[in-house]
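One structure is given here, and the rest of the page talks about it.
The values are calculated or read from the model by the stated rules, or taken from the named source; none is laboratory data. Every value quoted in this text rests on a predicted model; they were computed, and no experiment measured them. Here the Cβ positions follow ideal geometry from the backbone for every residue, glycine too, while neighbour counts run over all protein chains shown. The protein model used for the area step is the full one, side chains on, heavy atoms only, and it has no ligands, DNA or RNA in it. Shrake-Rupley method; radii C 1.70, N 1.55, O 1.52, S 1.80 Å.
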Amino acid sequence: MQAGTQAARIDAKGLACRRGDRLLFAGLSLALGPGEAVQLMGANGIGKSSLIRILAGLMRPYAGDVSRIGQVGLVDERPALDPQLPLGRALQFWRGIDGAADVEQRPSLALLELDGLTDVPVRYLSTGQRKRAALARLLGQGAPIWLLDEPLNGLDTGAITLVEGLVANHCRGGGVVVIASHQPFALAGLTRIAMADYAA
Amino acid sequence: MKLLTGLLRRDLAQMLFGARRGGAVLPILFFLSVAMLYPFAIGPDAPLLARTGGGVIWVAALLAAILPLDRLVEPDIELGMFDQWALRGISEEWVIALRVLAHWLSFGPPLMLAAVPASALLGLSSEALRIVELGLLAGTPGLAALGVTVAAITAGLRGGAALSGLLVIPLAVPLLIFGAGSLSTGGEGGVALTGAVSLVLLAIAPFAGGAAVRAGRD
């Protein structure tokens, strides 16, 4: 849907990650083209979040390299929304940055069942509501590559189905999705990578 | 450009108008209360007050600038704002440069306004007030740059707030020497030197602060 002129891609070759003096994983490669999605599976502390940050370009890998075509949208445990602002204004800030200030905000809010909460300060939102707010920010960004770190944490079963639907929709539109989650994620054509296979 | 004004507007809303902890009001009240307490402590010795008052204003201004340090950079790192900006191609250097501007706007001009009643409390002559105001105009941008840089470096450290205050004070000594020193020499030379120190700090701040934020990610 928003893949731009070039088809979105993310390629990683021979990635290794070191935290402190501990090697978390090594020799991890992945290649994702338009419409493809992958789930990183594994126990806590195995390096899922680190891999997401490496793929986003926020962290340097210990070895290997990453190439991306298309803008990256990241959702992690921090919503990046000002806690003291009402949800609507906090999202408006990012819409201004993303150059989407004129685009109607209602549909994505209604989609995530947030339309009744626009006047509520972000700090009063529950964990699940905050997660959905972060997903609304992601939708507004219109980035073709989605990196989702534990997108299902704190969500109820209804909201989980909702997120699975959003991801499926994004893939159909030519987007690329990487999900790091220890929870099962229902999506047709989802490739799963067991991080334990690459543990060093 | 539109992007940068959006960022600046957010910074100002938080710092100047106090969405976060009192905004610009708290440092100014702190500044004025020092100017008010000093004559009480020294006693009604007008010549002594007039001679030392300019220096007191400078010390109070420096300490007032330290008050908001812990909320300059760290909250945005914790919220993940810097990461989201980086993903959108907005460099840390730009964010820090804008933050220096917003930080200065939130305490520089208000401090210069507050220096007027403060100088009345301390019995400064109008000539001394003029030099104090010129000195503050030249020196507060440097204080702002120094504050944001140190706030970026200490963000995420345990006890970062106390540490940043301790780091700023020695680094601000040149500003204090030239700024307050211009009062006793009575010339514009000291003000010019204060401005020069400020310019150096302003030139360094975006790069040092940006590098500090990036280094904090690993």
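Observations on the structure shown:
- Shown in residue order for region B:199-205 are the 3J(HN,Hα) couplings computed by the Karplus curve 6.51 cos²θ - 1.76 cosθ + 1.60 at θ = phi - 60°: 4, 4, 5, 5, 6, 7, 3 Hz (x for Gly and Pro).
- Residues of region A:41-73 that bury at least 40 Å² of accessible area when the other protein chains are present, relative to the chain alone (probe 1.4 Å, heavy atoms, ligands and nucleic acids excluded): A:LEU58.
- Evaluated over region B:1-106, the Cα radius of gyration and Dmax, each in Å: 18.1, 60
- Take each residue in B:74-83, count the other chain C-beta atoms within 10 Å of its C-beta, and the mean is 4.
- Counting all C-alpha pairs of chain B, share separated by more than 32 Å (%): 19 percent
- With R₀ fixed at 25 Å, the C-beta to C-beta distance from A:ARG106 to B:ARG217 puts the FRET efficiency at about 0.10.
- Burial order of peptide ranges A:124-137, B:140-153 (average beta-carbon count within 10 Å, highest first): B:140-153, A:124-137
- Interchain or long-range residues, amide H under 5 Å from A:ARG18's placed H: A:LEU24, A:TYR62
- Fluctuation leader among B:ASP45, B:ASP70, B:ASP11 - chain B, Gaussian network, Cα springs under 10 angstrom: B:ASP45
- Sorted on the mean count of surrounding Cβ atoms within 10 Å across their residues, most packed first, peptides A:11-21, A:165-175 read A:165-175, A:11-21.
- Under the simplified labelling scheme, the B:GLU78-B:LEU8 pair shows an inter-label distance of 2.8 nm, with each label point 7 Å from Cα along Cα→Cβ.
- Database remark: amide H of A:ALA200 closer than 5 angstrom to the amide H of A:PHE25, A:ALA26 (H placed geometrically; neighbours at sequence offset of 5 or more, or on other chains; Pro and chain starts carry no H).
- Amide H partners (placed H, <5 Å) of A:ALA180, local residues excluded: A:LEU40, A:LEU148, A:ASP149, A:GLU150
- Mean residue ellipticity at 222 nm, helices only, chain A: -8500 deg cm²/dmol; runs of at least 4 DSSP H residues each add -39,500 (n - 2.57), and the sum is divided by the number of residues.
- Placing unit charges on each Cβ (+1 for Lys and Arg, -1 for Asp and Glu) gives chain A a dipole about its Cα centre, and among A:GLY158, A:GLY174, A:LEU111 the Cα reaching farthest toward its positive end belongs to A:GLY174.
- In chain B, the DSSP-assigned H stretches of four residues or longer account for a calculated mean residue ellipticity at 222 nm of -28000 deg cm²/dmol, using -39500 (n - 2.57) per stretch and the full residue count as denominator.
- B:GLU188-B:ARG158 FRET efficiency (beta carbon distance; Förster radius 35 Å; 0.05 resolution): 0.20
- By the Stokes-Einstein formula, at 1.567 mPa s and 4 °C, region A:48-200 with its Kirkwood radius over alpha-carbon pairs has D equal to 80 µm²/s.
- Computed over region A:9-198, relative contact order equals 33 percent, with contacts defined as Cα pairs under 8 Å that lie 6+ residues apart.
- Qualifying lysines (Cα of each under 27 Å from Cα of A:LYS13; at least 8 residues distant if same chain): A:LYS48
- Residue by residue along A:178-188, Cβ atoms of other protein chains within 10 Å of the local Cβ number 0 on average.
- With viscosity 1.567 mPa s and temperature 4 °C, the Kirkwood radius over alpha carbon pairs of the protein assembly as shown converts through Stokes-Einstein to a diffusion coefficient of 55 µm²/s.
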